[in-house]
Amino acid sequence: MVRILCLGDVVGEEGVRLLEKDGRLKKLIAEKKADLTVVNGENSAPGNGISRESAERLLDAGADVVTGGNHTFRCRDVYRMLDDADALIRPVNYPAEAPGMGWLIAEVRGYRVLVLNAAGGVWMDPVVPPAEAVAKILKNERGTYDLSVCDLHAEATSEKLFFARYFDGKLTAVFGTHTHVQTADEQILPGGTGYITDVGMCGSMNGILGVRTDCVVKKFTLRTPEKFEPAEGNPMIHGVLFTADEKTGRCAAVERICEK
């Protein structure tokens, strides 16, 4: 069995420090006996986006692959790192001319794991439909991988469920990111695909989605531009652990993770 640990959006300095402090992520990897760790880092830079520094810190903390989302391109200093595409990927359904790649193949104990990142099209930036873009990669890379996992960075739960059902039996696992709120619907679909609608976030639970409560309250009540400041304190790790059968390419178990 191959065990794939996937963590939700790392939010700001609080989230990055959470995974770094006292080797917390590395300890979690050891506790769960994870063979591959995928971390969504598209909110890990100060303010928003992902910077070269925050990406490198997540990798040093224990991530094997860092995925992105609709904020990935906000920090230009990460563009060259995206183009290297050896550990940092962005949504595959953004234009081909954009920095970076939307997938990579990781070697895990002699097995090849295709790691994909896609962005939703509902209430998000206009992009190529994620199912269309991912289907193209699966077709082009057929025979080059043994297992596959996709981070679908999307807003609408219906779109995430559609995507997982559409690729049931074709992807080993699908995990949702972006909403920062963990769902309790972890499951194995009929075709053998492991799934959770959203893994949640890694960061402070004292605010609203990792942002200070007062900032969000002003935004919703006054409807005026408001600078979002990161929340602090009460940090939590949210994620999911997929156990995959390398012989069949199917998911054998799904474990939701929620730890202080």
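The values are calculated or read from the model by the stated rules, or taken from the named source; none is laboratory data. Predicted model, so just to flag it, every value in this text is computed and none were measured. Please note: Cβ atoms are built from the backbone with ideal geometry, for glycine as well, and neighbour counts cover all protein chains shown.
Some values worked out for this structure:
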{"item": "One residue from G41, G47, G8 being surrounded by fewer than 20 Cβ atoms within 10 Å (Cβ to Cβ) and among the small types (G, A, S)", "result": "G47"}
{"item": "Residues being part of a loop (DSSP other than H, G, I, E, B), under 16 Å from the mean Cα position of the chain (by Cα) and of a type outside the set (A, V, I, L, M) - total across the stretch 39-50", "result": "5"}
{"item": "Enumeration of residues in the stretch 1-38 that are in contact (Cβ under 8 Å) with a residue 60 or more places away in the chain, assigned to a strand (DSSP E or B) and within 23 Å of T179 (Cβ to Cβ)", "result": "I4, L5, C6, L7, D9, V10, V11, V38"}
{"item": "Some residue of the stretch 113-129 being more than 22 Å from E159 (Cβ to Cβ), surrounded by 16 or more Cβ atoms within 10 Å (Cβ to Cβ) and either touching an Asp or Glu at 6+ places or on another chain (Cβ under 9 Å) or of a type in the set (V, I, T) (or both)", "result": "yes"}
{"item": "Failed item, numbered, when P91 is tested on (1) within 30 Å of M205 (Cα to Cα); (2) of a type outside the set (D, E); (3) in contact with a Cys (Cβ under 9 Å, 6 or more places away or on another chain)", "result": "(3)"}
{"item": "One residue from G102, G120, G143 being farther than 20 Å from D168 by Cβ and touching a strand residue (DSSP E or B) at 6+ places or on another chain (Cβ under 9 Å)", "result": "G102"}
{"item": "When residues of the stretch 16-38 are limited to those that are of a type in the set (A, V, I, L, M) and closer than 24 Å to L209 by Cα, the one nearest to the chain's Cα centre (by Cα)", "result": "V38"}
{"item": "Single residue of I196, I208, I237 found to be free of Cβ contacts under 8 Å to residues at least 24 places away in the same chain and either farther than 27 Å from Y145 by Cβ or surrounded by 20 or more Cβ atoms within 10 Å (Cβ to Cβ) (or both)", "result": "I208"}
{"item": "Some residue of the stretch 79-90 being surrounded by fewer than 20 Cβ atoms within 10 Å (Cβ to Cβ) and closer than 18 Å to Q182 by Cβ", "result": "no"}
{"item": "Filter result for the condition that a residue is farther than 25 Å from I257 by Cα, in a helix (DSSP H, G or I) and touching a residue at least 24 places away in the same chain (Cβ under 8 Å), over D60, D77", "result": "D77"}
{"item": "Odd one out for L222 among (1) under 24 Å from K170 (Cα atoms); (2) of a type in the set (A, V, I, L, M); (3) free of Cβ contacts under 8 Å to residues at least 12 places away in the same chain", "result": "(1)"}
{"item": "Count of the stretch 215-249 residues which are of a type in the set (D, E) and closer than 20 Å to V11 by Cβ", "result": "3"}
{"item": "Every residue from the stretch 11-70 that is of a type in the set (D, E) and either touching a Gly at 6+ places or on another chain (Cβ under 7 Å) or over 20 Å from E229 (Cα atoms) (or both)", "result": "E14, E20, D22, E31, D35, E42, E56, D60, D64"}
{"item": "Residue in the stretch 131-151 that is modelled with pLDDT of 95 or more, over 20 Å from N40 (Cα atoms), in contact with a Cys (Cβ under 6 Å, 6 or more places away or on another chain) and surrounded by 17 or more Cβ atoms within 10 Å (Cβ to Cβ) present", "result": "no"}
{"item": "Selection within the stretch 162-182 - assigned to a helix (DSSP H, G or I) and more than 11 Å from G194 (Cβ to Cβ)", "result": "F162, F163, R165, Y166"}
